[in-house]
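Okay, structure first, notes after.
The values are calculated or read from the model by the stated rules, or taken from the named source; none is laboratory data. None of the values given here were measured: they were computed from a predicted structure. Please note: Cβ atoms are built from the backbone with ideal geometry, for glycine as well, and neighbour counts cover all protein chains shown. Keep in mind that these areas ignore ligands, DNA and RNA; they rest on the heavy atoms of the full protein, side chains included. Shrake-Rupley method; radii C 1.70, N 1.55, O 1.52, S 1.80 Å.
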Amino acid sequence: MLRLAQSIFWFVIRWLLNRRYRVRVEGGEQLRDLRGPVLVMPNHPGYIDPPLVLSHIRLAQPLRPIVKEAEYRRPFLYPMMRLVEAFEMPEVGEHSRNAREQTLALIDAVAAGLKRGECFLLYPSGRIQRGGRERLGSNRAAADILRLCPETKVVLVRTRGIWGSVFTVAHNGQWPDLARFFPRGVAWMAASLVFFAPKRTVTMTVKVMEARDLPGLTRDVLNPFVEEFYNQGATEAPTFVPFHAFLGPQEHEFPSLETEAEVDLAHIRPATVQAVNEMVEEQLGRPLDDEERQAQTSLDELGLDSLQRMDLALAIEDRFSFRSDRVADTLGELWALADGQASQGSESAQPAPKNWFRPVAASGPPEVLADTIVEAFVRRALANLDDVAVADRLSGVLTYRRLLVGTRLLSKRFRELPGEAVGVLLPASVAADLVYFALHMAGKLPVMLNWTTGPAGMGHGVEKTRLRRVVTSRRFVDRLGIEVPGAEYALLEDIRGSIGKLEALTVLAASYVMPRSLLRDLPRPDVDAPAVVLFTSGSESAPKAVPLSHRNLIADSRASIKRLEAKRSDAILGFLPPFHSFGLTANILAPLLAGVRVVHYPDPTNAAGLVQTTAAYRPTITITTPTFLGYQFSVARLEDLESLRVIITGAEKCPEAIFERARDLTPGAEIIEGYGITECSPVVAGNIRGRTKPGTVGPPVDGVEIRLVDPETRQPLPMPGTGMLLVHGPTVFSGYMDYEGADPFMELDGKRWYVTGDLVEVDEDRYIHFRGRLKRFIKAGGEMISLPALEEPLAARYPATDAGPQVAVEGIETPEGRSIVLFTTQDIALREANAILSEAGFRGVMRLDEVVRLDAIPVLGTGKIDYKVLRQMIVERTGAR
């Protein structure tokens with residue numbers, strides 16, 4: 001029955017296509033009675049040639065096409081894919097560990113089908129042509145399959161005449177939009193009354209061979225042979241055929257297809273280029289020569305197939321923490337990915353939904369309406385039910401009503417999770433907002449896990465907080481390949497799937513009929529009970545768990561909103577991850593509890609995506625770090641950022657170069673520097689709008705008291721003056737969880753003060769000038785980097801001997817970012833040293849920048865390493881001060 005249905009289907013498709021295409025098959029007599037195993041391999045000029053090939057290249061057995069996931073899953077194609085028993089192929093054009101494994105599994109599955117005598121259609125190039133010639137490069141699928149099935153018959157098909165159609169890149173220089181062109185084509189066929197449509201002449205040339213008669217079954221031999229067949233003769237010029245004999249345009253100007261990767265080599269550090277080149281060499285198993293070490297060098301030319309390119313990109317993401325959905329094609333694009341210049345593609349260029357710009361209905365200033373997180377959230381939602389609350393690309397625009405309903409539904413599932421604390425592993429997103437508030441509604445303590453610390457750091461967090469479950473999404477963990485030792489995942493996709501429509505409608509109806517009922521049955525925690533657990537790296541090797549109470553977070557939110565002077569009509573771009581204290585309070589709690597809408601973007605390192613989101617959603621406020629702001633300025637145009645009025649920056653000192661760029665790109669915006677510490681929820685100080693002092697982080701916010709003490713004697717110092725900063729107030733935490741280290745507090749004048757370990761100067765206006773850090777850590781990209789933590793696994797591998805220590809790690813912050821150096825008496829390559837750190841679970845910013853060989857590590861009279869000497873060596877090497 002299925003075979004009959006397939007035959008009828010292809011008869012109808014062939015009949016319909018022949019109304020528009022005049023197809024001639026040369027060598028078709030070779031296909032008569034051809035039975036499996038058969039692998040049909042056509043060139044791929046456009047999206048229309050698969051139905052043409054499948055309907056005109058007819059074998060004695062059904063021909064099963066191998067179709068990419070994005071096309072297979074299109075609603076108007078999916079039923080046809082099922083009918084013709086198409087094989088679904090994962091999208092290797094996006095980085096994904098799961099996609100890689102699926103691709104290898106697909107190769108095995110196709111090989112198994114061939115061994116059973118089946119017939120498959122495979123496009124060796126893996127994508128439609130970008131130019132007039134077909135290029136296979138180093139794609140490996142065809143060679144891998146044939147190597148596994150050497151008894152297969154191969155049918156090569158060369159299709160000519162399609163190049164220039166709306167289903168090809170040649171038409172307008174962009175990837176064809178099937179969802180737009182398919183119905184458009186149907187409409188033109190109807191306008192031509194089907195029988196009177198102008199026809200495009202298409203020629204298919206067939207060549208049948210035995211796999212064993214091919215020149216070789218390795219990609220290096222097979223791909224050039226197949227390319228030569230596809231591209232036989234002159235480069236195909238695009239041809240235009242009108243849709244209608246009389247209506248519509250009768251001529252078309254084809255664009256030039258010469259494009260270059262937009263890689264700004266001037267802003268890529270030589271150390272980054274060297275590190276990436278070493279990773280490429282490791283993947284190739286050979287060194288690169290001088291001609292290959294060029295930005296335009298194709299990874300295909302180097303011999304890297306799509307899976308190897310994906311492996312490289314994922315390894316670079318793990319090391320450098322920058323993300324891009326598109327797999328790189330050139331060496332320069334890999335450099336750009338490592339340096340944060342890689343664009344995420346067209347996804348972020350979509351316009352914002354119209355309802356995002358709907359005016360605020362409720363009146364009144366932004367304010368937090370209760371003293372605990374869950375009550376403050378519900379009361380704010382009830383006060384602004386139909387106002388826009390939050391948005392992102394994946395979830396769209398949510399009003400407070402939808403946010404409240406979603407939170408209520410998720411909270412019922414979260415109550416069933418074991419343990420009092422539940423981990424959260426999500427980027428800045430609507431999902432993260434929902435999960436955080438839903439955990440509070442369920443009476444759970446959210447523990448925000450920092451995935452950039454790698455398995456070691458997250459495993460430590462699990463142990464400290466006794467986590468048993470971590471809420472995340474399947475898409476996110478697959479994208480990053482994250483594992484959390486000691487805890488199991490609770491996947492949002494599965495949780496959402498368990499929510500029935502009737503249950504969802506009931507809660508939604510309650511928000512209209514009895515909205516105040518949603519205040520009942522809320523947990524009533526003590527204001528001093530923990531409301532979140534964050535982690536921070538200090539001078540010790542392991543992260544410290546920082547519990548922040550309801551009192552801490554609410555006080556910080558109120559003080560931040562007041563200092564920011566935000567209005568209900570403002571919109572905030574929130575992209576800092578929620579494991580970052582600045583990201584949690586400034587991008588989730590303060591705006592959403594006070595009634596200011598937020599648009600999220602999940603990747604702070606994707607400058608192009610952030611700029612495109614700003615251009616689309618027109619936020620008036622962005623909260624960032626100087627590093628991330630600099631990335632955005634490097635790719636932005638004046639019109640992209642013109643909506644910004646306030647740029648809040650913290651976590652590191654903002655260089656003068658950023659202020660200069662801001663004067664050009666955001667002339668209507670004011671950069672406001674602030675100062676915060678995770679243990680202080682985090683905002684301690686911030687400049688005042690209209691009264692900023694360049695070079696300072698502003699005066700303390702409301703409720704925060706500061707004192708200065710001598711760093712060594714801890715004796716009080718007068719203000720104005722310079723000394724180590726102490727902080728007291730409702731935003732200061734009560735102490736680390738499960739911690740046996742030195743007391744982070746000191747008593748002074750009958751009060752308990754948090755010892756920041758930072759050297760500051762306070763002027764006569766109480767504005768704080770940050771002067772330096774006293775602990776052994778540095779900051780880069782807004783993240784704390786513990787130098788002892790990096791040193792520990794290296795010292796374990798190269799322990800001290802009678803001659804003294806063999807390794808030491810020191811680092812400084814430089815105008816360009818940071819310089820972290822491994823000093824060693826041994827021959828250790830940078831790649832080898834970073835591999836040791838990777839094995840120990842360190843990722844992202846937790847890496848070395850350089851290795852320096854010394855005859856001996858300098859030590860003090862006590863035998864301890866003299867880090868001051870090492871630090872001075874770095875200063876002299878970098879020219880930093």
**OP:** Would you mind calculating the gained length between R714 and A179 on full extension (0.36 nm times residue separation, minus the Cα-Cα distance), in nm to one decimal?
**Re:** 185.7 nm
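Could you please put F659, F633 in sequence from largest to smallest accessible area, using a 1.4 Å probe?
Values: F659 45, F633 5 Å².
Ranked from most to least accessible, the order is F659, F633.
Between beta-carbons, use under 11 Å as the cut-off and find the net charge around A615, counting Lys and Arg +1, Asp and Glu -1.
Values: positive: R618, R637; negative: E639, D640, E642.
That works out to -1.
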Original post:
Accessible surface of D743 in the full protein assembly, 1.4 angstrom probe, to the nearest 10 Å²?
Top reply: 110
Subject >> Projected label distance in nm at L748 and A362, using a 7 Å step from Cα toward the beta-carbon >> reply: 4.0
**OP:** Would you please report the Å³ per residue occupied by the convex hull of the alpha carbon atoms in the stretch 1-151?
**Re:** 136
Original post:
How long is the gain from D855 to A504 if the chain were fully straight, where each residue apart is worth 0.36 nm and the alpha carbon distance is subtracted?
Top reply: 119.5 nm
Subject >> Built amide H within the under 5 Å cut-off of V422, gap 5+ >> reply: L445, V447
**OP:** Given a cut-off of 29 Å, name the pairs among K544/K567; K444/K653; K68/K207; K464/K567 whose C-alpha atoms lie farther apart than that in the structure shown.
**Re:** K544/K567; K444/K653; K464/K567
Original post:
What are the extents of the Cα atoms of the stretch 465-593 along their three principal axes, listed from largest to smallest and rounded to whole Å?
Top reply: 55, 40, 32
Original post:
Highest mean first, what order results for 583-589, 520-526, 155-161 on Cβ atoms within 10 Å?
Top reply: 583-589, 155-161, 520-526
Original post:
How fast does the stretch 612-668 diffuse by Stokes-Einstein, in µm²/s, taking the Kirkwood radius from C-alpha pairs at 4 °C and 1.567 mPa s?
Top reply: 115
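When each pair of different Cα atoms in the chain is counted once in the 1/r mean, what is the Kirkwood radius in angstroms, to one decimal? Don't skip to the end; give the middle numbers.
Working: mean 1/r = 0.0330 Å⁻¹.
In the chain this quantity evaluates to 30.3 Å.
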Subject >> Coarse-grained scattering of the stretch 434-475 at q = 0.14 Å⁻¹, given as base-10 log I(q)/I(0) from a Debye sum over alpha-carbon atoms >> reply: -0.35
**OP:** Measure out, as a whole number of angstrom, how far apart the alpha-carbon centroids of the stretch 592-666 and the stretch 447-495 sit.
**Re:** 29
**OP:** Please work out the Cα center distance from the stretch 115-148 to the stretch 398-446, rounded to the nearest Å.
**Re:** 45
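May I ask you to order 355-362, 404-411 by the average number of other C-beta atoms within 10 Å around their residues, highest value first?
On the way: 355-362: 13.1, 404-411: 23.6.
Listed from highest to lowest mean packing, they are 404-411, 355-362.
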Original post:
Of the beta bridges DSSP finds with both residues in the stretch 578-720, what % are antiparallel, to the nearest 5?
Top reply: 45
**OP:** With all protein chains present, calculate the accessible area of C680 using a 1.4 Å probe and round the result to the nearest 10 Å².
**Re:** 0
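Give the Kirkwood hydrodynamic radius (Å, one decimal) of the stretch 666-777, defined as one over the mean of 1/r across all pairs of different Cα atoms. Spell out each step's value before the answer.
On the way: mean 1/r = 0.0680 Å⁻¹.
14.7 Å is the Kirkwood radius here.
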Subject >> Backbone HN-Hα couplings from phi across the stretch 221-228 [Karplus 6.51/-1.76/1.60, Hz, Gly and Pro as x] >> reply: 9, 5, 4, x, 5, 5, 4, 4
Original post:
Accessible surface of M204 in the full protein assembly, 1.4 angstrom probe, to the nearest 10 Å²?
Top reply: 0
Original post:
With no solvent and one point per C-alpha, what does the Debye sum give as log10 I(q)/I(0) for the stretch 391-518 at q = 0.15, 0.16, 0.20 Å⁻¹?
Top reply: -0.70, -0.79, -1.15
**OP:** With just the Cα atoms of the stretch 573-703, tell me how far they stretch along each of the three principal axes, in Å, largest first.
**Re:** 39, 29, 24
**OP:** Quick one: angle between helix 430-441 and the longest Cα principal axis of the chain, in degrees between 0 and 90, rounded to 10, please.
**Re:** 50
**OP:** Would you mind checking the stretch 214-238 for residues with the amide N under 14 Å from a putative spin-label position 7 Å along Cα→C-beta of E26?
**Re:** 229-236
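Whole number in Å², please: accessible area per residue of the stretch 367-474, 1.4 Å probe, ligands, DNA and RNA not counted. Let's see the in-between values first.
Working: 3070 Å² over 108 residues.
Using a 1.4 Å probe on heavy atoms only, each residue of the stretch 367-474 averages 28 Å².
Loop-only GluC sites (Glu not before Pro) in the stretch 660-730, please: DSSP not H, G, I, E or B, and at most 16 other Cβ atoms within 10 Å.
Values: sites: E660, E670, E673, E679, E705, E712; in loops: E712.
Those that pass, being in a loop and sparsely packed, are E712.
Report the Rg/Rh value for the stretch 131-193, based on alpha-carbon coordinates and the Kirkwood definition of Rh. The partial results should precede the final answer.
Values: Rg = 17.2 Å, Rh = 15.1 Å.
Dividing the radius of gyration by the Kirkwood radius yields 1.14.
State the extension gain, in nm to one decimal, for the chain segment bounded by K412 and E488, taking 0.36 nm per residue of separation less the distance between their alpha-carbons.
On the way: separation 76, 0.36 × 76 = 27.36 nm, distance 1.89 nm.
Stretched out fully, the K412 to E488 stretch lengthens by 25.5 nm.
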Original post:
According to a simple spin-label model (label point 7 Å from Cα along Cα-to-Cβ), what is the distance in nm between F195 and E282?
Top reply: 6.8
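Using the Cα centre of the chain as the reference point, and only Cβ charges (+1 on K/R, -1 on D/E), how large is the resulting charge dipole? Debye, rounded to the nearest 20.
Numbers: 103 positive and 110 negative charges, 764 e Å.
Charge dipole, the chain, about its Cα centre: 3660 debye, nearest 20.
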Original post:
For the stretch 603-634, list residues with backbone N below 18 Å from a point placed 7 Å from the Cα of D664 toward its Cβ?
Top reply: 608, 611, 627-634
Subject >> Approximate spin-label separation A315-E705, in nm, with each point projected 7 Å along Cα-to-Cβ >> reply: 5.6
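I'd like the Kirkwood hydrodynamic radius of the stretch 329-430, using the inverse of the mean 1/r over distinct C-alpha pairs, in Å.
Working: mean 1/r = 0.0584 Å⁻¹.
17.1 Å is the Kirkwood radius here.
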Original post:
For the chain, what is the percent of antiparallel DSSP beta bridges, rounded to the nearest 5?
Top reply: 55
